[in-house]
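First up is the structure itself, then whatever we jot down about it.
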Amino acid sequence: MTDPRGPVHLSGELSLEVDGAGVQVHADGADVRIVAEDVGAFVARVREAATARTGVAPGRRDLDQLAEALAASGITAHLESPTRPVAVAGAGVDSPAGALLLGTRRVRPRAAVVVIAGGRGRRLLAASAVAVVLATVLARRRR
């Protein structure tokens, strides 16, 4: 279904602080870039605000709904630290890794901080670390 109002065109910039760390939001056309000095704190505060609003901590379904709403509007959102991309969500995103780690193909994780932010990600990261250690030990024993 096509929106009769046409495509979304965004334009603007916003600077704010979250726990004393800078956050810049840049919007141009259908792209929104959020650059947070402390991505972990930013994600934690967004989760806290969502929990305060609804009384329930947001989960994978909520992330999927947000990403689908962005995609339906033709918007692509980029979450970045000052030094690297962290995640991309919305229009044009189809990520098998996002489906596995975050519960939605509409979010492409680009850094470990996103994976660690979710409980499943922490378990997956811990399991991966254990697997790496075991593989290293087994490889050394064979020598």
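Since every read-out is calculated from the coordinates, none of them should be taken as a lab result. Treat the numbers as computed from the prediction; the structure is a model and nothing was measured. Glycine also receives a Cβ, built like all others from the backbone with ideal geometry; neighbour counts cover every protein chain displayed.
Overview of results
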| item | result |
| --- | --- |
| Cβ-based net charge around S81, under 14 Å, with every Lys or Arg adding one and every Asp or Glu removing one | 0 |
| Residues D62, D28 arranged by fewest to most Cβ contacts within 10 Å | D28, D62 |
| Highest to lowest packing among 9-19, 85-95, scored as the average C-beta count within 10 Å | 85-95, 9-19 |
| Where labels lie 7 Å past Cα in the beta-carbon direction, separation of S11 and H26 in nm | 1.6 nm |
| Order of T83, T104, T76 under a 10 Å beta carbon neighbour criterion, fewest first | T83, T76, T104 |
| Summed side-chain charge close to Q65 - residues other than Q65 whose Cβ falls under 15 Å, Lys, Arg +1, Asp, Glu -1 | +3 |
| Per-residue HN-Hα couplings for region 27-32 [Karplus 6.51, -1.76, 1.60; θ = phi - 60°; Hz; x = Gly/Pro] | 10, 8, x, 9, 10, 10 |
| Cβ charges +1 (Lys, Arg) and -1 (Asp, Glu), total dipole of region 10-118, debye | 420 debye |
| Positive minus negative residues near H26 (Lys, Arg vs Asp, Glu; Cβ under 13 Å) | -3 |
| Cα gyration tensor shape for region 10-118, rounded if a/c is under 1.5, else prolate or oblate | rounded |
